[in-house]
Each structure stands twice: as structure tokens, then as C-alpha cells.
Amino acid sequence: MSGTVYLVGAGPGDPELLTVRASRLLQQADAVVCDRLVGGGILPLINPAAQFHDVGKMAGDCRHRQEDIHQLLLALAGSCSRVVRLKGGDPFIFGRGGEELLFLSRHGVQVEVVPGISAANGCAAALGIPLTHRGVAASVRFITGHLRDDAGLELDWSSLADPTCTLVFYMAVANAAEIVASLQRHGRGGDTPAALVHSGTTEAQDWTVAPLRQIPQLVAGFKPPTLLVVGDVVRLAQRAWSAAAAGQLLLREAAEPCAPVAA
């Protein structure tokens, strides 16, 4: 028997942001292979009769090598009808979903991809930050802030200095100082508004807004998973601050206020 592996995006954490199809597949799954960044509120939706495999990884943790996960998915596809590979956010945005798709396809396994709301989209929306905004940001780029231990952040920093482009750095905590220094060195102003967002859309959500130059000091108060958003659109988060008074958001005051964007 050869089953189907579904690469399913679990969204940014809030179970209410799970897609209808993802929810249905979790209830029908024979086996679920789950990443670390899947929101805890989503796990109760899984079919209680399904096999459950926790393969969550952290930086420097070698207990669950990607090659081992490939082999686990292949074995489960041979014994189960529906295998859900559950990933935080979207499986094709820094989720290694492409690697798993290619591996399984080479071994003749049928694979279907179920997109999820990305961490960038979900966290920005939770804070009231539009990733693009007419007259402020004409483009957005998603960038990894973490590479292998033997490689530096060799990015096209000149292009990232474009003030009309919103930047969203995933896995940015460890290399925040290098990211900020490189952006400033290539022309991105130190007073550019920036936001750090931890566990966005969940009960553990925490965030702060500050000028870019202050991020290396402020990041010490954050742990993974944390996104770094850089760009003038961050100023527009002020429109969401009224929600903080109603207990909907956890706002930590910035060390310095950011000047308002011209209308």
C-alpha cells in the first residue's frame, strides 16, 4: 500500500487561522509528523487514533536530522493511507517543504501541499502592520536570518537597503546584530522603524517597536521563534495600539518613539 503525504501548513499559531482543509486532514490522518513550531492549540484537533511523531528541531539539535525525517515519511507512506506532515506557518516558506516534496516524489510517493498562513503574514497582521502600503512600501522580502554554522549571512545587502521594501527576517535572534550592522552599512537608516515579534497570534505573543539601531539591544529580551520586521510600514502599527488597551495585544513600549509616516 502506498499512501499520500500531505505537507500541511499549520499557520502562525492561532488554531483559528488553520485552513479548513488542514483541519479536516488532521481529523482524518492515520499518522502525523509534527514540527516544533506548530501551535499547541492545534494538536487537540489531530485524530486521536493517529500515530503521532514529534520531530521538532532547534538550532544545534541533531536528534531529528532532515534525512531521518525523510525516511520516516517514506516508511509511513508505505503503511498508512493519509500521512500529514504538519509544519508551522507555510511549508514552502523556510519550512523545508520543498526538500521533502522532492525526496518523496523521487521515491514514487504521492504528495499534496496544503498552504498555511505564513508567520510573516500572521504576525504582521496581528500587530496591524501592512507588509505593503501605497506610498510607503511597494514590495516585501522574506529572508532567513539563520544559516548553517559554517556560513555567514552572505546576502545582497545593497538591495535590502531599499527604503520602499519591507523586510521580514525569520530566525533573526542569534544574528540580529549582524543583520542591523549590515543594513546600516549599506544605507538603511538607523532610524528606520523595526519590530520584533515573538510567537505572534498566540497567547505567548510579545512584541516591541523601535528604531532599527536599537534592535541589537532589545533582542536580548526575546527568544525563538521571533521575527524581525524592518520598514516604514511598522509605524502604521500605531493604529493597532488601541487594541492593546482591550487586552488583545501585548505591547512593550519602544525605547524611542518613531516619527509618523507622512500621509
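Numerical summary
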quantity: Cα centre as origin, Lys/Arg/Asp/Glu Cβ charges: the chain dipole, Debye; calculated: 280
quantity: Summed residue charge, Cβ within 11 Å of residue 53's Cβ, Lys/Arg positive, Asp/Glu negative; calculated: -2
quantity: Cα centre as origin, Lys/Arg/Asp/Glu Cβ charges: region 4-114 dipole, Debye; calculated: 120
quantity: DSSP beta bridges in region 4-114 [antiparallel fraction, %, rounded to 5]; calculated: 5
quantity: The chain, helix-only ellipticity at 222 nm - DSSP H runs n ≥ 4, -39,500 (n - 2.57), divided by all residues, nearest 500; calculated: -6500 deg cm²/dmol
quantity: Ellipsoid semi-axes in whole angstrom, largest first, where each is sqrt(5λ) of the Cα gyration tensor of the chain; calculated: 35, 20, 15
quantity: Longest DSSP-loop-exposure-free segment, trypsin sites (Lys or Arg not before Pro), the chain, at most 14 other Cβ within 10 Å; calculated: 149-263
quantity: Charge tally in the Cβ shell below 10 Å around residue 115, where Lys, Arg are +1 and Asp, Glu are -1, residue 115 excluded; calculated: 0
quantity: Per-residue HN-Hα couplings for region 39-44 [Karplus 6.51, -1.76, 1.60; θ = phi - 60°; Hz; x = Gly/Pro]; calculated: x, x, x, 8, 4, x
quantity: Summed side-chain charge close to residue 70 - residues other than residue 70 whose Cβ falls under 12 Å, Lys, Arg +1, Asp, Glu -1; calculated: 0
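Every read-out reported here was derived from the displayed coordinates using simple, explicitly stated rules and does not represent laboratory data. What you are looking at is a predicted structure, and each value in this text was computed from that prediction instead of being measured. Glycine also receives a Cβ, built like all others from the backbone with ideal geometry; neighbour counts cover every protein chain displayed.
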